[in-house]
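The next block holds one structure in the form of C-alpha coordinates; read it before the comments.
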Amino acid sequence: MHLLVVAKEPVPGRVKTRLCPPCDPEGAAAIAEAALRDTLEHALASHADRVVLALDGAPAEWCPPGVEVIGQGDGDFATRLARAWGRVPRPTLQIGMDTPQLGPEDLDAVMLSLAEPGVDAVLGPAFDGGWWGLGLCGRPASAEWLIAGIAVPRRATGPCQLDRHRVLGLRLVKLTVNFDDPG
(Lines give C-alpha, C1' and ligand atoms only; values in the text may rest on other atoms or scores of the structure.)
Protein backbone atom coordinates (compact mmCIF):
# COMPACT_ATOMS: atom_id res chain seq x y z
CA MET A 1 0.00 0.00 0.00
CA HIS A 2 1.31 3.43 -0.95
CA LEU A 3 0.65 6.72 0.80
CA LEU A 4 0.57 9.84 -1.36
CA VAL A 5 0.88 13.21 0.38
CA VAL A 6 0.06 16.27 -1.74
CA ALA A 7 1.64 19.52 -0.60
CA LYS A 8 2.90 22.98 -1.40
CA GLU A 9 6.36 24.02 -0.30
CA PRO A 10 5.81 26.07 2.90
CA VAL A 11 6.97 29.42 1.52
CA PRO A 12 5.75 32.74 3.01
CA GLY A 13 3.05 34.26 0.83
CA ARG A 14 2.25 30.93 -0.93
CA VAL A 15 0.68 28.87 1.84
CA LYS A 16 -2.01 29.46 4.48
CA THR A 17 -2.62 32.95 3.12
CA ARG A 18 -6.15 32.95 4.54
CA LEU A 19 -4.52 33.13 7.99
CA CYS A 20 -3.14 36.59 7.14
CA PRO A 21 -4.19 38.37 9.28
CA PRO A 22 -3.92 37.56 12.14
CA CYS A 23 -0.67 35.87 11.07
CA ASP A 24 1.96 37.47 8.90
CA PRO A 25 3.14 35.46 5.87
CA GLU A 26 6.13 34.05 7.79
CA GLY A 27 3.89 32.86 10.64
CA ALA A 28 1.43 31.29 8.20
CA ALA A 29 4.28 29.47 6.45
CA ALA A 30 5.58 28.25 9.83
CA ILE A 31 2.15 26.76 10.58
CA ALA A 32 2.09 25.08 7.16
CA GLU A 33 5.59 23.67 7.69
CA ALA A 34 4.67 22.30 11.13
CA ALA A 35 1.55 20.60 9.72
CA LEU A 36 3.54 19.15 6.82
CA ARG A 37 6.32 17.87 9.11
CA ASP A 38 3.77 16.15 11.36
CA THR A 39 1.84 14.72 8.41
CA LEU A 40 5.02 13.26 6.88
CA GLU A 41 6.17 11.91 10.25
CA HIS A 42 2.83 10.13 10.72
CA ALA A 43 2.93 8.81 7.16
CA LEU A 44 6.39 7.33 7.70
CA ALA A 45 5.32 5.79 11.03
CA SER A 46 2.34 4.08 9.34
CA HIS A 47 2.56 0.67 7.71
CA ALA A 48 2.64 2.16 4.20
CA ASP A 49 5.12 0.40 1.94
CA ARG A 50 6.05 3.69 0.31
CA VAL A 51 5.45 7.37 1.17
CA VAL A 52 5.41 9.69 -1.84
CA LEU A 53 5.26 13.47 -1.54
CA ALA A 54 3.79 15.17 -4.62
CA LEU A 55 5.24 18.62 -4.07
CA ASP A 56 4.53 22.00 -5.61
CA GLY A 57 7.96 23.50 -4.95
CA ALA A 58 11.24 22.12 -3.68
CA PRO A 59 11.94 19.92 -0.65
CA ALA A 60 13.98 21.29 2.26
CA GLU A 61 15.05 20.16 5.72
CA TRP A 62 11.41 19.67 6.72
CA CYS A 63 11.23 16.63 4.39
CA PRO A 64 12.50 13.58 6.29
CA PRO A 65 14.56 10.75 4.83
CA GLY A 66 12.42 7.92 3.49
CA VAL A 67 9.97 10.18 1.67
CA GLU A 68 10.08 9.94 -2.12
CA VAL A 69 9.51 13.40 -3.63
CA ILE A 70 7.91 13.93 -7.03
CA GLY A 71 6.99 17.25 -8.64
CA GLN A 72 3.37 18.19 -9.31
CA GLY A 73 4.11 20.00 -12.57
CA ASP A 74 1.94 22.70 -14.12
CA GLY A 75 -1.82 23.03 -14.47
CA ASP A 76 -4.81 23.42 -12.23
CA PHE A 77 -5.02 21.44 -9.01
CA ALA A 78 -7.10 18.61 -10.51
CA THR A 79 -4.54 18.22 -13.32
CA ARG A 80 -1.66 18.14 -10.85
CA LEU A 81 -3.51 15.58 -8.69
CA ALA A 82 -4.15 13.34 -11.67
CA ARG A 83 -0.48 13.62 -12.68
CA ALA A 84 0.64 12.61 -9.18
CA TRP A 85 -1.75 9.66 -9.19
CA GLY A 86 -0.29 8.58 -12.52
CA ARG A 87 3.10 8.16 -10.82
CA VAL A 88 2.01 5.83 -8.01
CA PRO A 89 0.77 2.26 -8.40
CA ARG A 90 -2.39 1.01 -6.69
CA PRO A 91 -3.45 0.59 -4.00
CA THR A 92 -2.74 4.12 -2.80
CA LEU A 93 -4.19 6.43 -0.17
CA GLN A 94 -3.87 10.18 -0.78
CA ILE A 95 -3.93 12.81 1.95
CA GLY A 96 -2.94 16.46 2.02
CA MET A 97 -0.26 18.32 3.90
CA ASP A 98 -2.84 19.60 6.37
CA THR A 99 -3.73 16.32 8.07
CA PRO A 100 -1.46 16.14 11.14
CA GLN A 101 -4.48 15.09 13.21
CA LEU A 102 -4.35 11.69 11.50
CA GLY A 103 -1.86 9.59 13.41
CA PRO A 104 -0.15 6.49 12.05
CA GLU A 105 -2.87 4.26 13.50
CA ASP A 106 -5.56 6.32 11.74
CA LEU A 107 -3.74 6.03 8.42
CA ASP A 108 -3.30 2.29 8.94
CA ALA A 109 -7.04 1.87 9.62
CA VAL A 110 -7.90 3.68 6.39
CA MET A 111 -5.40 1.61 4.41
CA LEU A 112 -6.93 -1.56 5.89
CA SER A 113 -10.37 -0.36 4.72
CA LEU A 114 -8.98 0.11 1.23
CA ALA A 115 -7.50 -3.39 1.29
CA GLU A 116 -10.84 -5.07 2.12
CA PRO A 117 -12.12 -7.48 -0.56
CA GLY A 118 -14.65 -5.85 -2.87
CA VAL A 119 -13.51 -2.29 -2.13
CA ASP A 120 -12.43 -0.12 -5.07
CA ALA A 121 -12.05 3.19 -3.27
CA VAL A 122 -12.28 5.08 0.01
CA LEU A 123 -13.28 8.71 0.42
CA GLY A 124 -12.96 10.77 3.59
CA PRO A 125 -15.33 13.73 3.55
CA ALA A 126 -14.24 16.95 5.26
CA PHE A 127 -16.29 19.22 7.50
CA ASP A 128 -15.85 22.11 5.03
CA GLY A 129 -17.45 20.21 2.13
CA GLY A 130 -14.23 18.92 0.59
CA TRP A 131 -12.44 15.68 1.33
CA TRP A 132 -9.40 14.79 3.43
CA GLY A 133 -8.54 11.38 2.00
CA LEU A 134 -8.96 9.49 -1.26
CA GLY A 135 -7.85 5.92 -1.75
CA LEU A 136 -7.94 3.76 -4.88
CA CYS A 137 -7.24 0.13 -5.61
CA GLY A 138 -7.10 -0.88 -9.26
CA ARG A 139 -10.31 0.75 -10.55
CA PRO A 140 -10.52 3.10 -12.30
CA ALA A 141 -7.32 2.49 -14.23
CA SER A 142 -6.73 6.24 -14.33
CA ALA A 143 -7.33 8.57 -11.40
CA GLU A 144 -7.82 11.26 -14.05
CA TRP A 145 -11.32 9.89 -14.73
CA LEU A 146 -12.12 10.22 -11.05
CA ILE A 147 -10.70 13.70 -10.51
CA ALA A 148 -11.01 15.49 -13.88
CA GLY A 149 -13.47 18.35 -14.02
CA ILE A 150 -14.13 18.54 -10.28
CA ALA A 151 -13.23 21.98 -8.97
CA VAL A 152 -10.92 21.70 -5.99
CA PRO A 153 -10.91 23.03 -3.37
CA ARG A 154 -14.53 24.10 -3.14
CA ARG A 155 -17.38 23.52 -0.65
CA ALA A 156 -19.04 21.08 -3.06
CA THR A 157 -15.86 19.13 -3.89
CA GLY A 158 -16.68 16.27 -1.51
CA PRO A 159 -20.23 15.66 -2.75
CA CYS A 160 -19.10 16.01 -6.39
CA GLN A 161 -16.31 13.51 -5.76
CA LEU A 162 -18.79 11.12 -4.12
CA ASP A 163 -21.11 11.41 -7.13
CA ARG A 164 -18.19 10.70 -9.49
CA HIS A 165 -17.41 7.50 -7.54
CA ARG A 166 -21.03 6.43 -7.99
CA VAL A 167 -21.11 7.28 -11.72
CA LEU A 168 -17.99 5.18 -12.25
CA GLY A 169 -19.58 2.30 -10.35
CA LEU A 170 -16.85 2.15 -7.75
CA ARG A 171 -17.45 0.12 -4.63
CA LEU A 172 -16.77 2.83 -2.09
CA VAL A 173 -16.14 2.92 1.63
CA LYS A 174 -17.08 6.34 2.95
CA LEU A 175 -14.76 7.26 5.81
CA THR A 176 -15.57 9.37 8.85
CA VAL A 177 -15.89 13.11 8.42
CA ASN A 178 -12.73 14.90 9.50
CA PHE A 179 -10.83 18.12 8.92
CA ASP A 180 -8.76 18.51 5.77
CA ASP A 181 -7.11 21.60 7.20
CA PRO A 182 -7.05 21.97 10.97
CA GLY A 183 -5.19 25.31 10.78
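Structure notes:
- Volume per residue for the chain equals 102 cubic angstrom (convex hull of Cα atoms).
- Here the simple spin-label model places points 7 Å from the Cα toward Cβ, and for Lys174 and Arg14 these points are separated by 3.7 nm.
- Ordered from highest to lowest accessible area with the whole protein assembly present and a 1.4 Å probe, Val119, Val177 read as Val177, Val119.
- Inter-probe distance in nm under a simple model that places probes 7 Å from Cα toward Cβ, at Phe127 and Trp62: 2.2 nm
- Placed amide H near Trp132: partners under 5 Å, 5+ positions off or other chain: Gly124, Ala126
- The range 34-142 - percent of accessible surface contributed by carbon and sulfur, probe 1.4 Å: 55 percent
- Calculated accessible area for the range 18-68 comes out at 50 Å² per residue, all protein chains present (probe 1.4 Å; ligands, DNA, RNA ignored).
- Hz values of 3J(HN,Hα) by residue in the range 110-122 - Karplus curve (6.51, -1.76, 1.60), Gly and Pro given as x: 5, 5, 5, 4, 5, 7, 5, x, x, 9, 9, 7, 10
- Kirkwood Rh in Å, taken over all unlike Cα pairs in the range 58-145: 14.4 Å
The values are calculated or read from the model by the stated rules, or taken from the named source; none is laboratory data. Given the structure is predicted, the values throughout are model-derived calculations rather than measurements. Ideal geometry is used to build each Cβ from the backbone, glycine not excepted, and the neighbour counts take in all protein chains shown. These accessible areas exclude ligands, DNA and RNA; they are computed on the full protein's heavy atoms, side chains included. Shrake-Rupley method; radii C 1.70, N 1.55, O 1.52, S 1.80 Å.
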